[in-house]
Amino acid sequence: AAAAKGRCGEGYILAGVNLSYLALWKRMAKRAGVRGPIAPLLRPVGRGVGAVGDLWARLSGTETDINSAALRMGGQFHYYSSDKAARELDYRFGTVDDAIDAAWTWFVEHGHVGERSARRAASAQRS
């Protein structure tokens, strides 16, 4: 659409719904059939947990999923507007839950989700 309708030299942001990381993680956990986060992590607790992750990474020689950089990033807001793309390119985006469902399906189909987790998520979707 940008090639056909966009203006030369212009940039377009193709984003979707703006959510906090907490809201997104809750929705992803629900789709996966697991208990999600309850509340945001208090900053001092996050710093401590991040420092432990950093120390573990240094001692083990492997990067951990939980580290100070990841926790700092999770506390930031990365909100964007697609208004210009919608106006000029007729850009439309789907729902967050549809995107999560599509991603979950892809992960399951490509073997990135174990059988037990896939069954638990399927059961949670039915109830």
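Test residue 127 against the stated conditions and say whether it is open to solvent by 100 Å² or more (accessible area, probe 1.4 Å) and within 19 Å of residue 26 (Cβ to Cβ). Give the derivation first.
Working: open to solvent by 100 Å² or more (accessible area, probe 1.4 Å): yes; within 19 Å of residue 26 (Cβ to Cβ): yes.
So residue 127 passes the test.
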Pick from region 70-110, criterion of a type in the set (Phe, Trp, Tyr), open to solvent by 60 Å² or more (accessible area, probe 1.4 Å) and not in a helix (DSSP H, G or I), ranking: farthest from residue 50 (Cα to Cα): 93
Search result, residues across region 6-38 that are open to solvent by less than 60 Å² (accessible area, probe 1.4 Å), of a type in the set (A, V, I, L, M, F, W, C) and part of a loop (DSSP other than H, G, I, E, B): 15, 19
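Just checking, which of 1, 70, 23, 29 is in contact (Cβ under 8 Å) with a residue 40 or more places away in the chain, closer than 25 Å to residue 106 by Cβ and small (Gly, Ala, Ser)? Break it down into steps so the answer makes sense when it comes.
On the way: 70 fails: in contact (Cβ under 8 Å) with a residue 40 or more places away in the chain; 23 fails: in contact (Cβ under 8 Å) with a residue 40 or more places away in the chain; 29 fails: in contact (Cβ under 8 Å) with a residue 40 or more places away in the chain.
Going through 1, 70, 23, 29 in turn, the sole match is 1.
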Any pair with Cβ under 7 angstrom, 6 or more apart, that starts in region 76-95 at a residue that is under 30 Å from residue 41 (Cα atoms) and ends at one that is modelled with pLDDT under 95 and aromatic (Phe, Trp, Tyr): 82/91; 82/93
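Across region 41-62, what is the total count of residues that are assigned to a loop (DSSP other than H, G, I, E, B) and surrounded by 13 or more Cβ atoms within 10 Å (Cβ to Cβ)?
1
From the list 62, 105, pick out the single residue that is hydroxyl-bearing (Ser, Thr, Tyr), more than 19 Å from the chain's Cα centre (by Cα) and more than 30 Å from residue 5 (Cα to Cα). Before the answer, list the steps.
Values: 105 fails: more than 19 Å from the chain's Cα centre (by Cα).
Going through 62, 105 in turn, the sole match is 62.
The values are calculated or read from the model by the stated rules, or taken from the named source; none is laboratory data. Since the model is a prediction, treat every value here as computed from it, not as a measurement. Using ideal geometry, Cβ is built from the backbone for each residue, glycine included, and neighbour counts are taken over all protein chains shown. Quick note on the areas: whole protein, heavy atoms, side chains included, nothing else; ligands and nucleic acids left out. Shrake-Rupley method; radii C 1.70, N 1.55, O 1.52, S 1.80 Å.
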